[in-house]
Amino acid sequence: MKKYLMLIVMVVCFTAANALDKGKWTGFISDEDCGAKSDIKGHAACAKKCVKGGAKPVFVVGDKVYAISNAKKVETFIGDEVTITGTITNGVLEIDTVKK
């Protein structure tokens, strides 16, 4: 019985830790079509064009690409390097603040 209880506690803790990551990250606002291009700094004009054409903005930190739940907060930052505070839940970023 104790084994099963420990197993359940471990699974719940592991799931909670992976499901919710609150913090502060610095990265680039890109578009969903290109995501983490190798030359992300030189990609601003293309990202703006793609988002204007209907692609969704994403947040790129290193080689990780996160969908953005409240994309209106990054409309003026497409292609820019920004620092974001918020919460990542299952790979989707909910933004609290964005600073360039």
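Below are the figures for this structure:
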| item | result |
| --- | --- |
| Extreme residue, farthest from K24 (Cα to Cα), among residues of region 47-86 that are out of contact with any strand residue (DSSP E or B) (no Cβ under 8 Å at 6 or more places or on another chain) and part of a loop (DSSP other than H, G, I, E, B) | G53 |
| First in region 44-62 and at pLDDT 95 or above and of a type outside the set (G, A, S), second anywhere and buried (at least 20 other Cβ atoms within 10 Å of the Cβ) and part of a helix (DSSP H, G or I), Cβ under 6 Å, 6 or more apart | P57/V51; P57/V74 |
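The values are calculated or read from the model by the stated rules, or taken from the named source; none is laboratory data. This is a predicted model, so every value here is computed, not measured. With ideal geometry, Cβ positions are generated from the backbone for all residues, glycine too; neighbour counts draw on all protein chains shown.
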